[in-house]
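Below is one structure, written out as structure tokens, with a few remarks after it.
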Amino acid sequence: MTNLNIHKRQDYTKDWVIRGSMKVPGILETPGFIKTIPVVVDHRKVQKMIESKNDMFDAFYYDKKLKVKLTSYDTDKRTHEVTFFSLKVVEEKTLLESALPIRLEGYCIGVVNGGVLVKMKDRLKVLGTPQELPDYVIADIHELDIGDKITVGDLTERVGDDLRIKADSEEVIAVCHPPSPIVPKVGNPSRFFRLRNKLRKTA
């Protein structure tokens, strides 16, 4: 999990100055008296936060450890780098709905037999407290043969009793399709007819 070191943004500091110092400006929403705090985070940490495809992170605001949720972010249209972000402090007993990344693990036996493994769902919505939310959910595919599939219901034991899945149990996570038949390439028919007509004229 990406750990964020959050610092308060200095008053009147321009955004371009912050980005020039290899940091990204943002806001931190807190449940306290001061609802929103302008903050900055190292740009490498912010990029890792976005690339992780998670939305819950451990963070340090100076010497205080927090659990924060990424609520939104903006990116540069040209460079695709993050230019601004919004984080929200989550209290320990708060129930959160989070979209956890699904990680396929194991060597699919269906692929060994010539099948094609297709991942149908990248995230799984679950409900739980910040302490109970894992970084990702594992789907074991080593026994998945041609024609077999893994559904949301198959992940119940993996998620555990502390979390509630917010998805249809019959929704497909991954499936192993039979190998596609090899279709021979067909040449250009108009070229064939031109060649045939040319041969007829010379005959």
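Values in this text are rule-based calculations from the coordinates and carry no lab data. Please read all numbers here as calculations on a predicted model, not as lab measurements. Cβ coordinates were reconstructed from backbone atoms using ideal geometry, including for glycine residues, and neighbour counts include every protein chain displayed.
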Review point. What residues qualify as long-range amide H neighbours of Leu96, i.e. H under 5 Å apart, gap of 5 or more or another chain, H built at 1.01 Å from N?
Key: Gly128, Thr129
Revision key, fill the gap. Between the alpha carbon centres of the range 14-61 and the range 161-175 the gap in Å comes to 31
Check your understanding: In the chain, what percentage of the DSSP-assigned beta bridges are antiparallel, given to the nearest 5?
Key -> 75
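Sum -39500 (n - 2.57) across every DSSP H segment of at least 4 residues in the chain, then divide by the residue count to get the 222 nm mean residue ellipticity, nearest 500.
Details: 5 runs with 37 residues, N = 203.
The per-residue figure over the chain is -4500 deg cm²/dmol.
If you take the Cα Rg of the range 1-112 and divide it by 2.2 N^0.38 Å, with N the number of residues, what do you get? Don't jump to the answer; show the numbers that get you there.
Numbers: Rg = 16.4 Å, N = 112, 2.2 N^0.38 = 13.2 Å.
Against the empirical 2.2 N^0.38 Å value, I get 1.24 for the range 1-112.
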Check your understanding: Lys121 versus Lys77, label points 7 Å from Cα toward the beta carbon: distance in nm?
Key -> 3.6
Review point. Under a 5 Å amide H to amide H cut-off, with H placed in plane at 1.01 Å, what residues pair with Ile173 once short-range neighbours are removed?
Key: Ile150, Thr151, Val152
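Using only C-alpha positions, report the orientation-averaged shadow area of the convex hull of the chain, nm², one decimal. Provide the component values of the computation, followed by the final result.
On the way: hull surface 80.0 nm².
Over all viewing directions, the chain projects a mean Cα-hull area of 20.0 nm².
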Point to revise | Over 22 Å between alpha carbons, listed pairs Lys64/Lys125; Lys48/Lys149; Lys23/Lys93; Lys8/Lys67; Lys64/Lys166; Lys14/Lys48 | key: Lys64/Lys125; Lys48/Lys149; Lys23/Lys93; Lys64/Lys166; Lys14/Lys48
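How long are the three semi-axes of the equivalent ellipsoid of the range 96-177, in whole Å, if each is the root of 5 times an eigenvalue of the C-alpha gyration tensor, listed from largest down? Kindly include the intermediate steps, with their values, before the conclusion.
Values: eigenvalues 128, 25, 18 Å².
Square roots of five times the eigenvalues give 25, 11, 10 Å.
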Point to revise | Karplus-derived 3J(HN,Hα), 6.51/-1.76/1.60, for each residue of the range 151-157, Hz, glycine and proline x | key: 10, 4, x, 6, 9, 4, 5
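Exposure proxy check: Arg158, Arg103 ranked by fewest other beta carbons within 10 Å? Spell out each step's value before the answer.
Values: Arg158 14, Arg103 11.
Fewest-to-most ranking of Arg158, Arg103: Arg103, Arg158.
Given charges of +1 on the Cβ of Lys and Arg and -1 on the Cβ of Asp and Glu, with all other atoms neutral, how large is the dipole of the chain about its Cα centre, in debye to the nearest 20? Write down the numbers at each step before the final one.
Numbers: 34 positive and 29 negative charges, 407 e Å.
Result for the chain is approximately 1960 debye, rounded to the nearest 20.
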